[in-house]
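K.L.:
I'd like to ask you about the structure that follows.
The values are calculated or read from the model by the stated rules, or taken from the named source; none is laboratory data. Every value quoted in this text rests on a predicted model; they were computed, and no experiment measured them. Because the Cβ atoms are built from the backbone with ideal geometry, glycine has one as well, and the counts that use them run over all protein chains shown.
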């Protein structure tokens, strides 16, 4: 594991330590929306020697050479994932005919990967490189061999990367945006979200998406957009997303026409910090009266939406986060040592479990068993002829196979709002509030904190809780059974008949 070298020297911000050896590391631009890093060993365990080497390398980071390094390693990364056809070519050199190996981009490659690779190489060709180290030069030679006799402009045109013969400086905002979205390796859903986001920011300053890019390309407009982002009542991380997409638009215009569209306007856009956890509104648990209102037998919502009923109970009885509750698969309901359990495990890309503590096996509390949860799951599996890896609650997945993050906002939370719980209430209520209820219920029954951690899925606050409080499943079961809501028993008896009958 890498550890940050924490000292006050400017060059030390790039120094990291692994196994007592110093490394030079900094973050590269994201690729396919994934974070990437440049990392190189300094081959020394001596801090002062590493510091001097870092000073030299830091000059590259703070100069135009950084962009070259980023592109070189981005191209190398793509080359490693691409297929190349090799063949022999005879050439004449000094009156002799020699044979050399030639690489050619194979047609078997994914077109999007080839598109991205060609764009990077095209950018690399335009950069005036300063001093590069041996590793950089070696990679450049590989890139040169892979693109030997390749007409980049022609290939880019064939792949429809750049706009077709637009007059210089005559692009519309929409043309540049669509070119940018087409170049990025995003799903249709993400692409549409970005298109909507950028369009909203553009129209927010009185421009149309069909206006000339030069109308957008001025200091006053960019400053207005930055101020509008700053004024939005959203989290800092959301503001950062807005700012990033506008910066991406400016960068892409520079790629299309670097002589006309510079990137200096990016400096006008404010840097937005992530919202600190302590500055966000905390989730509040539901009161006993509010829970009785949620499970009121006169409400028909759960009858029409049994999946929301059961996911609500999973949150209420084991403190599962929304994603963990709604993405359960049939194989996650298990019996271990004759104890019925829910196994929260990372067995599907849609499962976005927050941390190692979230991945846990929890004995199902007796009151939830008495409600017929396991019986309902087994009946569903039999009726639908479902497989073990099928989702118990299929609505967690869209038709396109994406995670359905509207599951609660248009489901449980809408229901809570419709029955008036959140109305005129300053506190924040949502699915996560059920997790708070589970915790408070266990505390009120005197369950030790280390057992609460096992049930709810917390890592604990100190070393003893994290590493020295392992419990047997039977012990956890004894404590999880204390998680009861006796004041809801009348409602539960009614809903059990409704659910098992359905």
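K.L.:
Looking only at strands (runs of 3 or more DSSP E) that lie completely in the stretch 7-46, which have at least 2 residues being surrounded by 12 or more Cβ atoms within 10 Å (Cβ to Cβ), over 26 Å from the mean Cα position of the chain (by Cα) and modelled with pLDDT of 80 or more? Let's see the steps before the verdict.
P.N.:
Details: elements: 15-18, 21-31, 34-41.
So the answer is 15-18, 21-31.
K.L.:
Which residue is nearest to residue 259 (Cα to Cα), if the candidates are limited to the stretch 183-204 and must be over 20 Å from the mean Cα position of the chain (by Cα) and surrounded by 17 or more Cβ atoms within 10 Å (Cβ to Cβ)?
P.N.:
Quick first cut of the stretch 183-204, residues over 20 Å from the mean Cα position of the chain (by Cα) only: 199-204.
Of the ones still in play, those that are also surrounded by 17 or more Cβ atoms within 10 Å (Cβ to Cβ) are 201-202.
Values: 201: 25, 202: 23 Å.
Ranking the candidates gives 202 first.
K.L.:
In addition: Looking at the stretch 318-336, which of the residues that are under 23 Å from the mean Cα position of the chain (by Cα) and more than 18 Å from residue 430 (Cα to Cα) is surrounded by the fewest Cβ atoms within 10 Å (Cβ to Cβ)?
P.N.:
Within the stretch 318-336, the match that is surrounded by the fewest Cβ atoms within 10 Å (Cβ to Cβ) is 329.
K.L.:
Restricting to the stretch 319-350, give me the number of residues that are more than 22 Å from residue 414 (Cα to Cα), in contact with a helix residue (DSSP H, G or I) (Cβ under 7 Å, 6 or more places away or on another chain) and in a helix (DSSP H, G or I).
P.N.:
Qualifying residue count, the stretch 319-350: 1.
K.L.:
Condition check: more than 32 Å from the chain's Cα centre (by Cα) and under 27 Å from residue 501 (Cβ atoms). Does residue 408 satisfy that?
P.N.:
Working: more than 32 Å from the chain's Cα centre (by Cα): no; under 27 Å from residue 501 (Cβ atoms): yes.
Here the answer is no, as residue 408 does not meet what is asked.
K.L.:
Another question about this same structure. State whether one or more residues within the stretch 67-85 are assigned to a strand (DSSP E or B) and either crowded, with 16+ Cβ neighbours inside 10 Å or at pLDDT 70 or above (or both).
P.N.:
Step one: list which residues in the stretch 67-85 are assigned to a strand (DSSP E or B), which gives 84-85.
Subsequent filtering for residues that are either crowded, with 16+ Cβ neighbours inside 10 Å or at pLDDT 70 or above (or both) retains 84-85.
Yes.
Residue-by-condition table, conditions (1) surrounded by 17 or more Cβ atoms within 10 Å (Cβ to Cβ); (2) modelled with pLDDT of 80 or more; (3) outside the structural domain of residue 369 (by TED's automatic domain parsing):
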position: 388; (1), (2), (3): no, yes, no
position: 402; (1), (2), (3): no, no, no
position: 434; (1), (2), (3): yes, yes, no
position: 470; (1), (2), (3): no, no, no
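Table: residues versus (1) in contact with a strand residue (DSSP E or B) (Cβ under 6 Å, 6 or more places away or on another chain); (2) in the same structural domain as residue 476 (by TED's automatic domain parsing); (3) under 16 Å from residue 310 (Cα atoms).
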position	(1), (2), (3)
331	no, yes, no
334	yes, yes, no
338	no, yes, no
354	no, yes, no
358	no, yes, no
361	yes, yes, no
366	no, yes, yes
382	no, yes, no
385	no, yes, no
